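The structure under discussion appears below in the form of structure tokens.
No value in this document is a laboratory result; all are computed from the given coordinates. Since we're looking at a predicted model, the values are computed, not measured. Note that each Cβ is placed from the backbone with ideal geometry, even for glycine, and that neighbours are counted across all protein chains shown.
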Amino acid sequence: MSILIDEQNLSALRHSAAHIMAQAVMKLYPGTKLGIGPSIEDGFYYDFLLPEDKKLNDNDLALIEAEMQSIVKASQNFEKEIISFEQAKELFSDQPFKLEIISSLRLNDSDFKSDSELSNELDENEISIYKNSDKFFDLCKGPHVDNTNVVKAIKLLKVAGAYWRGNEKNQQLQRIYGTAFYSKEDLKQYLFALEEAERRDHRKLGNDLDLFHFPSEIGAGLALFHPKGAKIRLQLESFSREKHLKAGYEPVWTPHVSKQELFETSGHLGFYKDNMFPAMERDGATYYMKPMSCPFHVLIYKSSLRSYRELPLRLFELATVYRFERSGVLHGLARLRALTQDDSHIFCTKEQLEEEILSIIQFILEVLNTFGLYEFEADLSTRPEKYLGDIKDWDFVTSSLENALIKSEIPYRIAEGEGAFYAPKIDIHLKDAIGRKWQLSTVQVDFQEPQKFDIEYIGKDNERHRPYMIHRALFGSTERFLAILLEHYAGALPTWLCPIQVSLVPVGLSHEDYAYSLKDKFKQFDIAVEVLNADVPLGARIRSAKLAKIPYILVVGESDATNNTVGVNMRGTKDPIRDVSVDKIISVVIEDISSKRVTPTEISN
């Protein structure tokens, strides 16, 4: 069994760096009001309300970072102290945000405690502060490193706006993001990865490669796909359909809207309404855009009385859903308000559950391997403190999920208490080409939805039984998966996914007829091909094709027209290969497409 070791020590280091940053800001800008400062996956942040409407810029970050280095060199000890509510209120009497946190805890505010970053500030049963000098202390439950001198490598990265407690109705603060490592070499590697990530940003690539854009006229979080981008997503979705049908999934289709009664029964209106688009009143009924497909699929299951012989029943749909995400979390194709999921819901018996989960995981890995993705980790999220259902069901399902993970040999960690209130789940993460983790596929077993809709099957004993329901999205969404692929490959997608697979570049005007004759021939084999006319210099056209990440750039001149050959500039290589026969290059491209190779086939002449 392989269980991932968490990064608790690095988290403590970064949390300590956040305190050091707050101390530096307080010294440089007296009168600053402190928000919160947790560690996060790649570093830390702290939210501030600076005096006199001070707006931070990059020069200020350098100044703050220098002050932080002074604090590090001062070798100040981090010391924890337990204090009373009255002492806390007195200590933070000039810090309104800290006072709100203290009051929230004393009032047993469940909304406060449900916010994981806010609840990092202190423990439910006690109030603690951490001091690292006589002049600086902060409300915090820890942990921290022993001394500021342990924080060897710090870098402040950027300033952003942030509403207090993430609520647009609250005061806007300034958030400083930073990162910290135990060694300067680790920091150097991370900063290099950041630069590489910026170069690979799918939003920039989408613009550079003419794939999609986000016009303000239609609203934030809504993408328009251009012909080239639409061709890529068509390939992704066609591949997904093909794989699902071969794996025994049944295709279904559901509408984009529904009366509110459906979402009342499913529980979405009770728990997810804030993320749904507003209601529409028509013909005396209230309708909502669908945020999820699951209740629709349950109705398809319920349309007839099912037998155990029909199970597992695997329903599959490429479904566009609509979620009114907050503007602050929207991020290109990675976080949208209209997204298309390769959504599946599997209905099975208790006896089938573990094997079905294992089959789903293996199917996910097989599909993702096709895209050149091979490094995976998983989180198994278990029962939270507040949950619905019988604890025996929870234990059985959690055990089934973990056994499937063990058999699949995916490294995983137990995310204690992080399951949804109605079910445990597996989240599969992948590592991309520069080592970043992306949360991708989710496998969630649901024993509440079948109960809410009262769905059953007739068992071998001729009695009625409640099936288990598994929610499963493989890509997560087509759009987000495309964003991941674009960044993983820095825009140089595998040939079979490219909207243009071959660029024909005639040397001069007299060679254009030959280029167009080749275009007709390539199209007979369903190869996506274009001709770059000789109306601009040859070098400029070749550079243009290379910037467009075309896998095969074929230059044709006089001798090629005579001998039925081409000169091949393959993506990722420096030197062209001359006098390659047309039949050979066609066979190479066809092989790349049919075998779904990750990189173009090497050609020797």
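See the values below:
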| read-out | value |
| --- | --- |
| Charge sum, other residues only, whose C-beta stays under 9 Å from PHE447's C-beta, Lys/Arg counted +1 and Asp/Glu -1 | -3 |
| Cα-based reach from LYS574 at 20 Å (exclusive), listing lysines while leaving out same-chain residues under 8 positions away | LYS546, LYS549 |
| Relative contact order of the chain, pairs being alpha-carbon contacts under 8 Å that are 6 or more residues apart, as % | 10 percent |
| Exposed chymotrypsin sites (Phe, Trp or Tyr not before Pro) absent - longest run of the chain, DSSP non-H/G/I/E/B, at most 11 other C-beta within 10 Å | 1-252 |
| Cα-based radius of gyration of region 8-195 once divided by 2.2 N^0.38 Å, which approximates compact folds | 0.98 |
| Computed lengthening from GLU126 to GLN524, 0.36 nm per intervening residue step minus Cα-Cα distance | 135.9 nm |
| Angle in degrees between helix 353-370 and the longest Cα principal axis of the chain, rounded to the nearest 10 | 60 degrees |
| ASN564 paired with ASP454, simple spin-label distance in nm, labels 7 Å along Cα-to-beta-carbon | 7.3 nm |
| Gain on full stretching of the segment that runs from GLN69 to ILE603 - 0.36 nm per residue minus C-alpha separation | 186.8 nm |
| Approximate spin-label separation LYS55-ASP579, in nm, with each point projected 7 Å along Cα-to-Cβ | 6.5 nm |
| For region 495-595, alpha-carbon Rg over 2.2 N^0.38 Å | 0.96 |
| Paired Rg and Dmax values of region 295-442, which use every Cα atom, in angstrom | 16.7, 50 |
| Principal axis dimensions, region 13-85 - Cα atoms, whole angstrom, descending | 34, 31, 27 |
| Within region 495-595, percent of DSSP bridges classed antiparallel, to nearest 5 | 45 percent |
| Alpha-carbon centroid distance for the pair region 408-437 / region 296-317, whole angstrom | 28 Å |
| Between 0 and 90°, nearest 10: helix 58-73 axis offset from the chain longest Cα axis | 50 degrees |
| Cα-based helix-to-principal-axis angle, 96-106 vs the chain, degrees rounded to 10 | 80 degrees |
| Relative contact order (%) - region 8-195, alpha-carbon pairs under 8 angstrom, separation at least six | 28 percent |
| Relative intensity, log₁₀ I(q)/I(0), of region 213-343 from a Debye sum that treats every alpha carbon as a point, q = 0.13, 0.15, 0.16, 0.19 Å⁻¹ | -0.68, -0.88, -0.98, -1.21 |
| DSSP beta bridge pairing in region 435-564, given as percent antiparallel to the nearest 5 | 45 percent |
| Amide H contacts of LEU157 (H built 1.01 Å from N, under 5 Å, at least 5 apart or other chain) | TYR177, GLY178, THR179 |
| Efficiency of FRET between LYS386 and LEU547 - r from beta-carbon atoms, R0 41 angstrom, step 0.05 | 0.20 |
| Of all DSSP beta bridges in the chain, antiparallel share, percent nearest 5 | 80 percent |
| Candidates per GluC sites (Glu not before Pro) in region 156-204, loop by DSSP, up to 14 other Cβ within 10 Å | GLU168 |
| Sum of -39500 (n - 2.57) over DSSP H runs of 4+, divided by residues of the chain (222 nm, nearest 500) | -11000 deg cm²/dmol |
| Simple label model, 7 Å out from Cα along Cβ direction - GLU375 to TYR182, nm | 1.9 nm |
| Mean separation of Cα contacts under 8 Å (6+ apart) over length of region 320-388, as relative contact order % | 20 percent |
